[in-house]
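S.K.: Here it is, the structure in full.
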Amino acid sequence: MKRTRLYIKSLLLILFVVSCNSNKEERANQDLVSQEAYLSEMVYPTLDTENSRWFFFSSACRPFGMVNLNPDTEIDGAWGSGYRYKTDTIKGFSHIHAWQISGVSVMPVTIPESHSSGIFSDFYSKFKHENEEITPGYHKVELDRYKIKAELTSTKRVGFHKYTYPENTNKHILFNLNTILGPCENGDGELVQLNETEFAGSVIAYPTKRRPKPLKIYFKVVLNKPVDALIRDEKTKNYALSFKDFDGALLMKIGISYTSLENAALNIQKELPHWDFEGTIKDSREAWSDLLGRIVVEGGTDTSKQRFYTDLWHALQGRRIISDVNGAYPDNTRDTFKIGQLPLDEKGIPLFNHYNSDALWGAQWTLNTLWGLVYPEIYEEFVLSFLQYYKDGGLVPRGPSGGNYTYVMTGNPATPFFVSAIQKGIIKSNHEYIYQALKKNHLSGGIMEKAGYEHNTFKGGGLQHYLKEGFVPHPNPQGKFGIHQDGAGLTLEYAYQDWTLAQLAKKLGHQEDHAYFVKRSKNYHNVFNKESGWMRAKDSNEQWISPFDPYQYENGFIESNAAQSTWFVPHDLQGLALLMGGMDKAIEKLNEQFKQADLLGFTSGSSHAVEGHPEYRRIPINYGNQPSIQTAFVFSGLSRPDLTQYWSRKVATTVFGGLSPATGYNGDEDQGLMGSLAVLMKIGLFQVNGGTDDNPEYQIGSPGFDKVTIQLNPDYYSGKTLVIKAENNSEDNVYVNHIHFNDKAINDYKIDHKQLTNGGLLNLKMSNNK
């Protein structure tokens, strides 16, 4: 991939120079700007951090890194925790900010003799943002209380700290191993001295309601200065390292493993055998640049470009590696914990990484398309990782945590995720094995039978009623099991996922299965109420839920209302239009919903926490959560691409524009889902059915930039680059009047996957006329 990196670097340099305000003579005299400098300018890390949840923000981390090291200003609960911009107090630097996992919080301090006994319970420090520097892979901040300059960076599995203490102070590092830390409590923490510069430790991330089993976290500590004493506080059971006075900065490496102390040490040995802190920052920035540089945008404003790369940055983190450098990983899928082993290549290197991940719920409109086109190697790793869970535990997961099934959200979102990867040629083998694994989840005993976080039963998903009667009743007559038992929403989700499985059955020649799952995919008919014109929940006696209000939040629909979820038929939009009385009526209905949503900024408030508030929950289209994020591109499926162009551009500008810690995603970014959505809307490509049909097609929207250059991965695709050029583009010229791909006219505003990945120029002529 060396050739690819060089190409990406050249593109980054070109874009940086073009975006500079210097005149030609000044630019000609400038030295080449490094990709690291470019990257630090193009990502705005504090976007939406006033509304952060535990895993949203991560500064000193690599893409998808096991270690995601940053300051924590709030530590109590999964929501409203981690790095919260408005909170001015740092409570520690913790190494793990993952879905339902936290761990290994440390804090450099100076201890006056008069306060030595209370430091374990009173060690937080104020800080100021003006004394802070954050770029992808690096975080610097000054602790006001101690006058300590703390700098953080990392490799994938090792946190790297640099602390500059004031002279002539009593220097310590606290290890806060027994504490509430974000989504879970940490306990049973231990730290053992191996020699004067090395320590070994462990801590248990206790179970949560979502992750039902404990997870032991092992860590190895290596310092560049000798430790004078290891102190254990009997009250808190926490630890401190004390140092004799020394000159220069203190460096500390902390390697993490979920399998053993030996593997924590091995992760350091393989990833960070040196003490070059600045070199590690450079390596981290280069790792980010290599991925961010796959897409180069030109035109637009400096703010729009910076926001674009921030969205792309979020699309490449949140979901975390849980396997060690040697392929060992925690397997908690069965009754007894065991250490699993990933398959290795001939050099003993794991064929892929294993991952911790929130749900793939909504990935069909986000990750499927972005990763499939731009990052197929990442897409393949996640498919293989999810398949490893199936090999270990017997089910393909929705969103695993710490080797556990969590049964987060609903349905089987892995089906469209897997099917799209196969249809795009990313997964080239074991198709029959994958099909049988996915099919199991669509039948009795599969994951569709489980509601959200339903750990011990198979009733909350209402699948048995769906199989017999063609819909999931609301409420569930069997009772309450887990959460998200909203029957109409489940019916729509199952129907779509059944259709995607049918496409794989067809590909593999399973004609009976294809016909069976296509028939099931029509079950959305059973929750469409023609009298009201909306999807509507039914009870087990097939009586429509009454009274009915299409804007009532979660009245039979998951994290949405009926107005939003009515359009969740991405596999059969024309069939949906017929139920509504024809294409014209469907278009008029959806267009009116967008007009109403526009008045509210297209989102239910500014954060996920207020989505159900009476002021916001009645919005007819919500781009702050996943259930209706496809709707702007539904118009294309109804033969009105002009409305897709108009509304997708307006949503991209309104919802995903601007740079501020106060806002950004106006809901839950959800580990790259909404960042990916923003990127796709801004480059003008989308896949309403999740890219799950044979040779998947892309709908063409309205790019927000004059030129988009996508570097295609040569290990997967034959083309070198895909260039999207929007001629005469502007804020007003949002309509695409003419399309040519490699000089060949395209008249239907869509293009297939093979065409795009063969590379070339997609030329769009823009105007302010439909």
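S.K.: Show the residues, 5+ positions off or on another chain, whose built amide H is closer than 5 Å to the amide H of Met409.
M.R.: Tyr453
S.K.: Past 29 Å, Cα to Cα, is the threshold; run Lys126/Lys225; Lys506/Lys754; Lys347/Lys428; Lys305/Lys347 against it and keep the listed order.
M.R.: Lys305/Lys347
S.K.: As I understand it, the value is the acute angle between the Cα axis of helix 261-271 and the longest principal axis of the Cα atoms of the chain; what does it come to in degrees, rounded to 10?
M.R.: 80
S.K.: Another question about this same structure. Return the sequence-ordered ³J(HN,Hα) values of region 278-294 in whole Hz as given by the Karplus equation 6.51 cos²θ - 1.76 cosθ + 1.60 applied to θ = phi - 60°, using x for Gly and Pro.
M.R.: Listing the rounded values in order: 5, x, 5, 4, 4, 4, 5, 5, 5, 4, 5, 5, 4, 7, 4, x, 5 Hz.
S.K.: Excluding residues fewer than 8 places away in the same chain, name every one of the aspartates and glutamates whose C-alpha is closer than 18 Å to that of Lys589.
M.R.: The qualifying aspartates and glutamates are Glu531, Asp549, Asp572, Asp598, Asp642.
S.K.: Provide the three semi-axes, in whole Å and in decreasing order, of the ellipsoid equivalent to the chain as defined by the square roots of 5 times the Cα gyration tensor eigenvalues.
M.R.: 43, 31, 24
S.K.: Between the alpha-carbon centers of region 714-735 and region 601-636, tell me the distance in whole angstrom.
M.R.: Between the Cα centre of region 714-735 and that of region 601-636, the gap is 28 Å.
S.K.: Run the reach check for Lys235 against aspartates and glutamates, Cα to Cα strictly under 18 Å, same-chain hits fewer than 8 apart removed. What comes back?
M.R.: Asp122, Glu185, Asp188, Glu190
S.K.: Right, something else. May I ask you to derive the relative contact order of the chain, considering only C-alpha pairs under 8 Å and at least 6 residues apart, and to give it as an integer percent?
M.R.: 11
S.K.: Any idea of the accessible area per residue across the chain, 1.4 Å probe, to the nearest Å²? Can you show the working numbers first?
M.R.: Details: 27260 Å² over 770 residues.
Per residue, the chain has an accessible area of 35 Å².
S.K.: On to the next question. In region 336-464, what percent of the accessible surface is made up of carbon and sulfur (1.4 Å probe, ligands and nucleic acids excluded)?
M.R.: Answer for region 336-464: carbon and sulfur cover 54 percent of the accessible area.
S.K.: Now for a different question. What does the net charge come to around Lys220 if you take all other residues with beta carbon closer than 10 Å to its beta carbon, with K and R at +1 and D and E at -1? Present the calculation step by step, with values, prior to reporting the outcome.
M.R.: On the way: positive: Lys253; negative: Glu198, Glu262.
It works out to a net charge of -1.
S.K.: Report the net charge of residues surrounding Thr410, where surrounding means a beta-carbon distance below 13 angstrom and charges are Lys +1, Arg +1, Asp -1, Glu -1.
M.R.: Computed value for this residue: -4.
S.K.: Taking the chain as the reference, fit the longest principal axis to its C-alpha atoms, fit the long axis of helix 641-655 to the helix C-alpha atoms, and give the angle between the two in degrees, 0 to 90, nearest 10.
M.R.: Orientation of helix 641-655: about 30 degrees from the principal axis.
S.K.: List, in order, the whole-Hz ³J(HN,Hα) value for each residue of region 755-765 obtained from phi through the Karplus relation with A = 6.51, B = -1.76, C = 1.60 and θ = phi - 60°; use x for Gly and Pro.
M.R.: The phi angles translate into 4, 4, 7, 6, x, x, 10, 9, 9, 10, 9 Hz.
S.K.: Could I ask something else about it? Mind checking the full-extension length gain between Ser121 and Ala229? Use 0.36 nm per residue of separation minus the Cα-Cα distance, one decimal, nm. Working shown, then result.
M.R.: Working: separation 108, 0.36 × 108 = 38.88 nm, distance 1.93 nm.
Result for the pair: 37.0 nm of gain on full extension.
S.K.: Oh, and also: Quick one: net charge around Met681, please, counting Lys, Arg +1 and Asp, Glu -1 for every other residue with C-beta under 14 Å from its C-beta.
M.R.: +3
S.K.: HN-Hα J couplings of region 159-166 from phi, Karplus 6.51/-1.76/1.60, θ = phi - 60°, integer Hz, Gly and Pro as x?
M.R.: x, 10, 10, 9, 10, 10, 8, x
S.K.: Quick one: of Lys480/Lys530; Lys147/Lys237; Lys424/Lys519; Lys91/Lys147; Lys595/Lys750; Lys270/Lys720, which pairs are farther than 21 Å apart, Cα to Cα?
M.R.: With Cα atoms farther than 21 Å apart: Lys480/Lys530; Lys147/Lys237; Lys424/Lys519; Lys595/Lys750; Lys270/Lys720.
S.K.: What does the helix-only formula give at 222 nm for the chain: each DSSP H stretch with n ≥ 4 adding -39500 (n - 2.57), the total divided by the residues, and the result rounded to the nearest 500 deg cm²/dmol? Can you show the working numbers first?
M.R.: Values: 20 runs with 224 residues, N = 770.
One gets -9000 deg cm²/dmol as the mean residue ellipticity at 222 nm.
The values are calculated or read from the model by the stated rules, or taken from the named source; none is laboratory data. Predicted model, so just to flag it, every value in this text is computed and none were measured. Positions of Cβ are backbone-derived with ideal geometry, glycine not excepted, and every protein chain shown enters the neighbour counts. The accessibility values were calculated without ligands, DNA or RNA, using every heavy atom of the protein model including side chains. Shrake-Rupley method; radii C 1.70, N 1.55, O 1.52, S 1.80 Å.
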